[in-house]
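What follows is calculated from the coordinates using simple rules that are stated; it is not laboratory data. Note that the structure is predicted; figures quoted are calculated from it, not measured. Positions of Cβ are generated from backbone atoms using ideal geometry, with glycine treated the same way; all protein chains shown enter the neighbour counts.
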Amino acid sequence: MKKRAILGIVIAVIISLLVVASGCAATGNQAQGTAPLPPKERVQVATTTSLYDTGLWGYLEPMFEEEYDVELDILYAGTGIALEYGRRGDVDVLTVHSKAQELQYVAEGHGIERVPFAYNYFLIVGPEADPAGIKGMTPEDALKNLFESASASFISRGDGSGTHTMEKTLWSAAGYEYEEVQNAGAWYVEAGRGMGPTLLMAGEMQGYTLTDMGTFVTFKGQTALVPIVEEGSILLNVYSVIAGNPEMNSSINSEMANNMVEFLTSATIQELIGDYGVEEYGLVLFNPCAGAEPQS
Amino acid sequence: MISVSSCSIASAISIPLGSLVHFNRFRGKRPLISVIQTLYSVPTVVIGLFVFLMFSRAGPLGELKLLFTPAVMIIGQVALIIPLILGLIISALSGIDKAVAETAISLGATRFQMVMLILKEAKFAVLAAIIMGFGRAFSEVGLALMVGGNIRGFTRTLTTTISLETSKGDVELSIALGIILLMIALAINITLNRLQQR
């Protein structure tokens with residue numbers, strides 16, 4: 001009886017060792033490419049959250065996959081993190097929106113070229129009651145008022161994203177050092193999250209926030225926020241696609257990265273981007289601008 | 001699926017390793033156990049950051065091209081739960097009366113047979129350790145997000161979906177997924193308990 005029990009345990013240990021072995025083998029297989037299905041090439045794109053939260057990528061993904069017969073892995077992250085993934089060679093191509101950072105990225109040699117493919121506008125949104133009374137002001141004056149009154153909350157992305165970078169640009173245009181704003185008091189809230197979550201937070205806290213048009217329209221129904229400031233050429237928001245440079249990172253799938261640039265700027269896809277969400281929201285979320293820098 | 005694989009791998013490593021630590025005397029045994037116990041509470045995002053840096057293409061293991069795949073999530077989870085399972089197994093073994101081991105040896109058992117006997121005596125506690133480890137792997141989200149990237153249909157797990165859907169404001173879906181998550185945990189625990197009672 002005892003002997004059988006011991007035998008049982010021995011068998012159990014052997015089985016568990018086999019599990020390890022097969023587990024290791026499985027990880028080994030995955031190292032070479034993919035899951036059990038017929039191996040398909042995988043392409044990794046890191047995108048700013050606004051293109052993801054609006055559902056645009058979910059809409060375009062199957063089309064790209066079908067056209068080039070690949071698996072497209074979409075990583076949504078703020079522009080800051082997306083660029084960092086690119087610098088480390090973890091993704092093949094980026095879709096981001098922060099011109100200065102992008103130009104620096106290309107200048108460093110990590111990206112081949114910055115190709116704008118769509119634009120819309122940033123806007124400051126807030127509760128309908130407009131507690132700070134900044135409706136219709138220029139962006140600069142609106143921020144000045146928020147800073148001086150220090151009563152109504154302003155929710156910042158606070159995550160180094162393209163929108164966050166734009167916000168810093170606006171603060172400096174309004175005449176403030178960003179550090180000064182960060183330490184200005186409890187009214188200035190750094191969310192550290194994507195655009196969608198930040199909008200929801202602003203809605204919950206009845207505060208103001210800077211957002212891109214696309215994400216705002218998509219989340220409007222859930223936040224009850226309204227546009228407060230939407231005038232001023234400073235608010236132009238340009239999305240561009242940047243293929244990774246294989247000379248910097250040999251692991252970059254250069255062919256597919258270039259296919260992505262071509263795909264996003266092709267006439268068919270440009271038209272689909274321009275029409276995206278128009279029927280559902282009655283507004284243009286993204287204006288196509290294949291390859292050319294829009295002049296507000 | 002990912003947490004099942006990582007839990008099996010972690011248990012398979014921890015059971016022999018735990019016995020090894022328990023049945024041998026060596027310098028630094030107590031400090032080692034303290035370190036293991038400290039690692040019970042290592043935040044998932046710290047492991048996530050570490051694994052990210054190791055497996056990023058710019059990192060030492062970047063050549064494997066594993067970042068943002070299920071494989072790297074398993075590796076991370078194994079690293080996360082080994083200390084937990086290992087520590088609990090060591091304390092499970094310590095809970096067995098020393099007389100059992102002595103009797104076995106005096107009755108002529110080999111060292112290996114003795115270890116097996118103690119493991120068998122402690123099987124409830126060992127199983128409990130494995131369940132704990134599974135629970136931690138199954139419920140964590142920070143690591144999965146950081147190294148898996150939450151890619152739809154590839155590295156998206158129940159927990160990362162809940163995180164994403166909540167951030168999108170789709171609370172109903174998140175609640176539904178949360179219930180599913182609990183149901184799966186319940187089913188697995190019932191199964192393991194059945195095994196335990198046999």
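Rounded to whole numbers, the Karplus 3J(HN,Hα) couplings from phi for the range B:130-137 are 5, 4, 4, x, 4, x, 5, 5 Hz, using 6.51 cos²θ - 1.76 cosθ + 1.60 with θ = phi - 60°, and x at Gly and Pro. Applying the Karplus relation 6.51 cos²θ - 1.76 cosθ + 1.60 with θ = phi - 60° to the range B:176-190 yields 3J(HN,Hα) values of 4, 5, x, 5, 4, 4, 5, 4, 4, 4, 4, 4, 5, 5, 4 Hz, where x marks Gly and Pro. Helix content alone sets the calculated 222 nm mean residue ellipticity of chain B: runs of n ≥ 4 DSSP H residues at -39500 (n - 2.57) each, divided across all residues, give -24000 deg cm²/dmol.
Considered as an equivalent ellipsoid built on the Cα gyration tensor, chain B has semi-axes of 36, 21, 13 Å, the largest given first.
Per-residue ellipticity at 222 nm from helix content only, as computed over chain A with -39500 (n - 2.57) for each DSSP H run of at least four residues, stands at -14500 deg cm²/dmol. Other residues within the sphere of radius under 14 Å centred on the Cβ of residue B:3, judged by their own Cβ, net out at +1 (K and R +1, D and E -1). For chain A, the longest principal axis of the Cα atoms and the long axis of helix A:79-88 meet at an angle of about 40 degrees. Relative to the 2.2 N^0.38 Å rule of thumb, chain A has a C-alpha radius of gyration ratio of 1.24.
Residues whose amide H falls under 5 Å from that of residue A:228, counting only those 5 or more places apart or on a different chain, are A:124, A:125, A:126, with hydrogens built in the peptide plane.
Assuming charge only on the beta carbon of Lys and Arg (+1) and of Asp and Glu (-1), the dipole of chain B about its Cα centre is about 520 debye to the nearest 20. Within the range A:121-235, antiparallel bridges make up roughly 60 percent of the DSSP beta bridges whose residues both belong there.
Rounded to the nearest 20 debye, the dipole magnitude of the protein assembly as shown is 4120 debye, with +1 charges on Lys and Arg beta carbons, -1 on Asp and Glu beta carbons, and the Cα centre as origin. Since only B:105, B:144, B:134 are under comparison, the one whose Cα sits farthest along the positive direction of the charge dipole of chain B, derived from C-beta charges on Lys, Arg, Asp and Glu, is B:105. Couplings 3J(HN,Hα) for the range B:93-98, derived from phi with the Karplus relation 6.51 cos²θ - 1.76 cosθ + 1.60 (θ = phi - 60°), are 5, 5, x, 7, 4, 4 Hz, where x marks Gly and Pro. Using a cutoff of 8 angstrom between alpha carbon atoms and counting only pairs six or more residues apart, the relative contact order for chain A works out to 25 percent. Within the range A:170-226, the GluC sites (Glu not before Pro) that combine a DSSP coil assignment with at most 11 other C-beta atoms in a 10 angstrom radius are A:177. Return the percentage of antiparallel bridges among DSSP beta bridges fully within the protein assembly as shown, rounded to the nearest 5 %. Antiparallel bridges make up about 60 percent of those DSSP assigns within the protein assembly as shown. Kirkwood analysis of the protein assembly as shown, using all unique Cα-Cα pairs, places the hydrodynamic radius at 25.4 Å.
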